[in-house]
Structures are given as structure tokens and as C-alpha cells.
Amino acid sequence: MNKKPITVTSPLLPPLEQFIPYLEQIWASKQLTNNGQFHQQLEVALAAYLGVEHLSLFANGTTALITALQALHVQGEVITTPYSFVATAHALLWNRLTPVFVDVDEDTFNLDPAAVEAAITEHTTAIMPVHCYGRPCDVDALQAVADRHGLKLIYDAAHAFGVKDDSGASILRHGDLSVLSLHATKVFNTFEGGAIISPDAATKQHIDHLRNFGFVDEVTVVTPGINGKMSEIHAAFGMLQLQHIDGALQRRQQVDQLYRHLLADVPGLTLKVREQGSNYSYFPVLVGEAFPLSRDELYQQLRDQQVHARRYFYPLITEMGPYREMPELRERPWPRAQKIASQVICLPIYPDLSDEDVARIVGIVRSSVQAPCVKKVS
Ligand SMILES: *Cc1c(COP(=O)(O)O)cnc(C)c1O
């Protein structure tokens with residue numbers, strides 16, 4: 001087989017010549033960073049695009065997560081999900097916080113509000129859920145839990161660019177803060193980048209100070225801030241990306257629908273559907289018992305034919321180095337997350353993926369159904 005490799009994602013990247021005029025402006029201005037013109041433009045334009053009011057750009061999503069926890073003075077224990085990218089939990093360790101992992105909902109793969117409430121102790125000060133694959137958390141139930149116990153609610157919304165809640169408004173308006181990643185692998189990228197969405201101007205201003213060493217003006221530092229600033233090159237690229245994002249989202253939706261159509265009747269595969277308000281950032285499939293191959297066998301079969309699907313999120317964060325050895329994690333009361341992690345595979349989805357590519361991927365998946373169980377003899 002000498003087919004061209006297909007990766008799980010491929011970055012949204014407009015034609016290079018469209019970026020040159022932006023670079024010329026930066027060279028002319030000689031302002032490379034520190035709240036330059038593109039940075040200012042992108043904060044306003046992104047907030048408008050997303051339907052939020054107060055947005056602070058960051059150099060990346062992880063620094064934004066770490067800063068969000070600082071901004072709210074979170075201490076002690078924070079309840080979060082084991083079913084996420086490892087940066088969610090790393091942001092807690094970088095703030096010397098204790099992550100308390102609880103189970104997810106079996107349908108949404110997001111934090112189960114009942115499990116969250118059951119895990120609250122006198123040391124709990126915050127909840128950090130993830131809108132996994134851009135599927136909204138049960139924001140009302142989580143807010144109710146937070147309110148009942150006086151907890152902060154910080155969403156890791158790294159997957160949720162452009163996602164709407166059930167009322168059609170931005171999912172990013174929920175909780176005390178929401179954090180986006182604008183990394184190359186995400187739906188909307190600035191190569192590296194991130195953002196915090198705040199509920200009011202005062203919070204945004206505090207976060208902007210934290211992002212820039214704590215400087216308020218040339219001679220005044222109010223807080224031990226970090227350097228989390230987005231540069232002019234990244235912000236300019238974001239302005240260009242905004243011209244292309246609608247087309248990219250439309251194509252993602254088409255790919256999503258094509259997969260659904262072509263895979264709907266395959267026994268043992270569970271597809272996760274959200275018709276409205278999605279950003280089609282991932283295409284997760286659960287490989288169940290009724291499918292002739294295990295998830296790992298399917299993963300390998302795809303790989304053998306140059307299709308690099310990914311098992312996000314396997315292994316769980318709680319199975320990874322710094323977390324696995326934590327004494328308080330010995331009991332592992334998250335059977336649903338474990339089951340999902342053992343069954344999930346994310347199929348390739350990105351704007352440049354052609355219908356033929358989708359057909360090729362589906363063909364490999366279906367081939368194991370039509371000619372099942374030709375097990376390798378070792
Ligand atoms: C990508 C991602 C992050 C980290 O974002 P970066 O911009 O890469 O630092 C955090 N949480 C989740 C769930 C992610 O997928």
C-alpha cells in the first residue's frame with residue numbers, strides 16, 4: 001500500500017501570499033508584541049465573532065488555564081475530569097492545587113455533576129470541567145453545584161471555539177471563566193495561542209495585568225504576573241484566519257455528515273451526534289463489543305493503511321506519569337471514563353479532508369465488518 005498518509009487533523013492554513021501584507025505592516029510598525037495593533041484588533045474581532053464581551057488573548061491555552069486559576073485565587077482541591085488532554089490537570093499542578101478526578105457522563109463524556117457534588121470536601125474551592133470534543137457540559141447543573149457550595153467554575157473550553165449552548169448563545173459565557181486554545185491542532189488556530197473569556201471588564205483587566213508581569217503602567221506592578229502575551233505575528237495571523245473560519249467550519253460539518261451517513265449502519269460503532277451549535281472539531285467513535293475488531297485492532301488496521309486516527313483520550317490523565325502515582329488516586333472511581341477511553345477512536349476530520357479521503361477511511365473501517373475475524377496467526 002502506497003497511499004498518502006492521512007492524519008487525525010491538519011491545520012487551517014490560508015494561502016501564504018495572503019499573510020504577506022500583514023507581515024509588511026508589522027515590519028513597518030516595528031511593534032512585535034505588547035498589545036500592538038493586531039493584538040488589539042484580534043481581541044475585539046474574536047470577541048465579536050464568538051459572541052462574548054471580554055476576551056484576553058494568550059500565547060497558548062495552557063498559560064491561559066494557569067492564569068485563570070491565578071486570577072480567581074483558587075486553592076486546595078479542584079474537581080476535574082480524567083478524560084481530557086493532560087494540560088487540564090497540569091494547570092492545576094502548576095498552581096500547587098490538588099486535582100480531584102471524578103467520573104464523566106456516559107453520553108457527553110463530560111464531568112458528571114452528581115459525581116462532582118459527591119466529591120466536594122471542605123478543601124474544595126473550584127470545579128474545572130472540559131467541554132470535551134466541543135460538546136457542551138451540563139452547564140446549568142454544574143453552575144447549580146458551584147452555587148450551592150460556593151465554588152468557582154472554570155471551563156477548559158480548548159475544544160469549544162464557536163460552540164453554542166442549547167439556547168444558541170456562546171458556550172464560553174458560562175462559569176466564572178472559560179479558556180480557549182488556539183493551537184495549530186484546534187479548529188481556529190494562531191499557530192500557538194489561547195484566550196480567557198471573562199464575565200466583566202474588571203476581571204478582564206486583572207487578567208490582562210497577570211498576562212503581562214503584573215504591569216499596570218510603566219512603573220507600577222500590582223501582582224506577580226507571568227509573560228503570557230500573544231505576539232503581533234500570531235495576532236495578525238488570527239485576523240487572517242477569521243476570514244477563513246466560516247468556510248472551514250462548513251467543510252468540517254460536511255465531513256461530519258458524510259461520516260455519519262457512511263457509518264450509520266455499522267454494527268458495534270457508536271457515533272456521537274450533535275446537530276446544532278457544534279464546531280465539528282473531532283469525530284469520536286466508540287468501538288463496542290458488536291464490532292468485529294477491538295478498538296486497538298481497528299486503530300492498527302487504519303495505521304497499516306496510512307490512516308492515523310488517534311485514541312483521544314486514552315490513556316486517561318490519571319494513568320499518566322505524575323498522576324498515576326498519586327496515593328489518593330488508588331481507588332479510581334471513574335469506570336465510565338475508563339470504559340470510554342478503552343473504546344474511543346477519533347477519525348480524521350479537517351477542512352482539507354476530501355470526500356475521497358473520507359470514503360477511503362470508511363472503506364477500511366467497513367472492510368473489517370464485511371470480512372470479519374481474519375485473525376493473525378502468530
Ligand atoms: C489543546 C488543549 C489544551 C492546551 O492548549 P495549548 O494551547 O496547546 O496550550 C488544554 N486542554 C485541552 C482539553 C486541550 O485539548
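Gly61 meets the conditions (1) buried (at least 20 other Cβ atoms within 10 Å of the Cβ); (2) more than 16 Å from the ligand (Cβ to nearest atom) in every case but one. The failed one is (2). Run Cys346 past the list (1) in contact with a strand residue (DSSP E or B) (Cβ under 8 Å, 6 or more places away or on another chain); (2) within 26 Å of Val116 (Cα to Cα); (3) at pLDDT 95 or above and report the number of the one that doesn't hold. Unmet for Cys346, out of (1) in contact with a strand residue (DSSP E or B) (Cβ under 8 Å, 6 or more places away or on another chain); (2) within 26 Å of Val116 (Cα to Cα); (3) at pLDDT 95 or above: (2). So in segment 314-328, with the set limited to residues that are among the aliphatic types (A, V, I, L, M) and under 15 Å from Ser84 (Cβ atoms), which one is farthest from the chain's Cα centre (by Cα)? Once the filter is applied, the top-ranked residue is Met320. Listed by position, the helices (runs of 4 or more DSSP H) enclosed by segment 1-120 that each have at least 3 residues that are farther than 30 Å from Arg148 by Cβ are 16-29, 37-50.
Scan segment 183-228 for residues that are under 21 Å from Ala71 (Cα atoms), within 15 Å of the ligand (Cβ to nearest atom) and buried (at least 21 other Cβ atoms within 10 Å of the Cβ) and the total you get is 7.
With Ile79, Ile66 as the choices, which residue is more than 9 Å from the ligand (Cβ to nearest atom), open to solvent by 20 Å² or more (accessible area, probe 1.4 Å) and either in contact with a Phe, Trp or Tyr (Cβ under 8 Å, 6 or more places away or on another chain) or under 19 Å from Cys137 (Cα atoms) (or both)? Quick ask: steps written out before the conclusion?
Numbers: Ile79 fails: open to solvent by 20 Å² or more (accessible area, probe 1.4 Å).
Only one candidate passes the filter, namely Ile66.
Need at least 2 residues that are closer than 30 Å to Val100 by Cα per element, so show me which helices (runs of 4 or more DSSP H) inside segment 286-378 make the cut, counting only ones lying wholly within it. Explain how you work it out, then say what you get.
On the way: elements: 295-304, 321-324, 335-343, 355-370.
In segment 286-378, 295-304, 321-324, 335-343 are the helices (runs of 4 or more DSSP H) which contain 2 or more residues that are closer than 30 Å to Val100 by Cα.
Among the conditions (1) under 13 Å from the mean Cα position of the chain (by Cα); (2) more than 27 Å from Leu286 (Cα to Cα), the only one that Thr124 does not satisfy is (1). Each residue in segment 142-170 was checked for being away from the ligand (no atom under 14 Å from the Cβ) and within 18 Å of the chain's Cα centre (by Cα), and 5 of them qualify.
The values are calculated or read from the model by the stated rules, or taken from the named source; none is laboratory data. Keep in mind that what you see is a predicted model, and the values were worked out from it rather than measured. Because the Cβ atoms are built from the backbone with ideal geometry, glycine has one as well, and the counts that use them run over all protein chains shown. What goes into the accessible areas is simple: the full protein's heavy atoms, side chains included, and nothing from ligands, DNA or RNA. Shrake-Rupley method; radii C 1.70, N 1.55, O 1.52, S 1.80 Å.
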